[in-house]
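*Asks:* Structure incoming, see below.
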């Protein structure tokens, strides 16, 4: 794997390999990968870059080190907040960040070790799949720390994952959810032993997804996104995108010939 892009401060690293797997690393281990506004802006930029690169077929996002995926937003970023627009602007900005990740045409996997809290947990929730180590901890402990709240977009996303009753439980109690509980309630899709196992499994899963029909994955993501937004239409455009594609014809021919299909995304 070779480095492709890094932020000016190297706090957000980006690589991609010949197999079409891209990796984003939140790289502030000395601060438990707490995110600065510049890192959030960088995520929006990387999402645009990924979306424009047809060679990228799956994305892994993870935190540097083994202590944290990301321990929220760097608190120092809030010291300048004095007006209503500061608060509203921040939450609108965060909705843009999370929407840019959630809306990627390719699957995105969160590989989570250690603390995954606040903004870090929001990023993980915006991913398609979440793999966690046994020592991972998820939560939004804002009721006992900052006293802020989650945006409607964040609440809707979390409710879609684990239901409103569990969202209330986690936010009201300000507790952190362990990996096994996260797996049981749908906040995590898999749990592995440790950081080396996390890297191996994330790569294995991304490789699997990168070999699947990209239009099927894209239509599934978009269809579910529309449902989350309350759009219950038939999704004819998504149906036609798949059934009228070269990939659908290739899939049929490959199946009948008992050979692996050669997906092109067209």
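The values are calculated or read from the model by the stated rules, or taken from the named source; none is laboratory data. Since the structure is predicted, the reported quantities are computational estimates derived from the model, not experimental observations. Cβ coordinates were reconstructed from backbone atoms using ideal geometry, including for glycine residues, and neighbour counts include every protein chain displayed.
For (1) assigned to a helix (DSSP H, G or I); (2) in the same structural domain as residue 205 (by TED's automatic domain parsing); (3) modelled with pLDDT under 95, each residue gets a yes or a no:
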| position | (1), (2), (3) |
| --- | --- |
| 77 | yes, yes, yes |
| 97 | yes, yes, no |
| 100 | yes, yes, no |
| 116 | no, yes, no |
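*Asks:* Moving on to the next point. How about the stretch 69-88: which of its residues are closer than 18 Å to residue 123 by Cα and in contact with a helix residue (DSSP H, G or I) (Cβ under 7 Å, 6 or more places away or on another chain)? If you could, list the steps in order and put the result at the bottom.
*Replies:* Looking only at the stretch 69-88, we keep the residues that are closer than 18 Å to residue 123 by Cα, and these are 69-75, 77.
Those that are closer than 18 Å to residue 123 by Cα and in contact with a helix residue (DSSP H, G or I) (Cβ under 7 Å, 6 or more places away or on another chain): 69, 70, 71, 72, 73, 74, 77.
*Asks:* Can you tell me which residues in the stretch 112-134 are more than 13 Å from residue 43 (Cα to Cα), in contact (Cβ under 8 Å) with a residue 60 or more places away in the chain and over 9 Å from the mean Cα position of the chain (by Cα)?
*Replies:* 112, 113, 114, 115, 131, 132, 133, 134
*Asks:* Taking only the stretch 200-253 into account, find how many residues are outside any helix (DSSP H, G or I) and either touching a residue at least 24 places away in the same chain (Cβ under 8 Å) or within 20 Å of residue 60 (Cβ to Cβ) (or both).
*Replies:* The total comes to 4.
*Asks:* Within the stretch 183-199, can you find the residues that are assigned to a loop (DSSP other than H, G, I, E, B) and either under 16 Å from the mean Cα position of the chain (by Cα) or without any contact (Cβ under 8 Å) to a residue 60 or more places away in the chain (or both)? First the steps, then the outcome.
*Replies:* We begin by selecting, within the stretch 183-199, every residue assigned to a loop (DSSP other than H, G, I, E, B); these are 186-189, 193-194.
Of everything in the stretch 183-199, those that are assigned to a loop (DSSP other than H, G, I, E, B) and either under 16 Å from the mean Cα position of the chain (by Cα) or without any contact (Cβ under 8 Å) to a residue 60 or more places away in the chain (or both) turn out to be 186, 187, 188, 189.
*Asks:* Is at least one residue of the stretch 38-52 at pLDDT 95 or above and outside any helix (DSSP H, G or I)?
*Replies:* no
*Asks:* Also, I was wondering about something else. Given the criterion touching a strand residue (DSSP E or B) at 6+ places or on another chain (Cβ under 6 Å), touching a residue at least 40 places away in the same chain (Cβ under 8 Å) and under 27 Å from residue 176 (Cβ atoms), identify the matching residue among 75, 108. Can you show your working first?
*Replies:* On the way: 75 fails: touching a strand residue (DSSP E or B) at 6+ places or on another chain (Cβ under 6 Å).
Selected residue: 108, the only one of 75, 108 that is touching a strand residue (DSSP E or B) at 6+ places or on another chain (Cβ under 6 Å), touching a residue at least 40 places away in the same chain (Cβ under 8 Å) and under 27 Å from residue 176 (Cβ atoms).
*Asks:* Go through the stretch 149-160 and count every residue that is buried (at least 16 other Cβ atoms within 10 Å of the Cβ) and either out of contact with any helix residue (DSSP H, G or I) (no Cβ under 9 Å at 6 or more places or on another chain) or part of a loop (DSSP other than H, G, I, E, B) (or both).
*Replies:* Adding up the residues that qualify gives 2.
*Asks:* Here is a further query. For the stretch 120-142, which positions are part of a helix (DSSP H, G or I), within 19 Å of residue 78 (Cα to Cα) and in contact with a helix residue (DSSP H, G or I) (Cβ under 7 Å, 6 or more places away or on another chain)?
*Replies:* Just the residues of the stretch 120-142 that are part of a helix (DSSP H, G or I), to begin with: 120-126, 141-142.
Next, only the ones that are within 19 Å of residue 78 (Cα to Cα) stay: 120-123, 141-142.
Correct list: 122, 123.
*Asks:* Here's another thing I want to ask about it. Could you please find all residues in the stretch 178-201 being in contact with a helix residue (DSSP H, G or I) (Cβ under 6 Å, 6 or more places away or on another chain) and surrounded by 17 or more Cβ atoms within 10 Å (Cβ to Cβ)? If you could, list the steps in order and put the result at the bottom.
*Replies:* Let us first name the residues in the stretch 178-201 that are in contact with a helix residue (DSSP H, G or I) (Cβ under 6 Å, 6 or more places away or on another chain), namely 185-188, 191-192.
187, 188, 191, 192, listed by residue number.
*Asks:* In the stretch 148-165, what count of residues is obtained for those that are over 20 Å from the mean Cα position of the chain (by Cα) and farther than 22 Å from residue 68 by Cβ? Steps first, please.
*Replies:* Going residue by residue through the stretch 148-165, those that are over 20 Å from the mean Cα position of the chain (by Cα) are 148-149, 164-165.
Applying the additional criterion that residues be farther than 22 Å from residue 68 by Cβ yields 149, 164-165.
Residues in the stretch 148-165 being over 20 Å from the mean Cα position of the chain (by Cα) and farther than 22 Å from residue 68 by Cβ: 3 in total.
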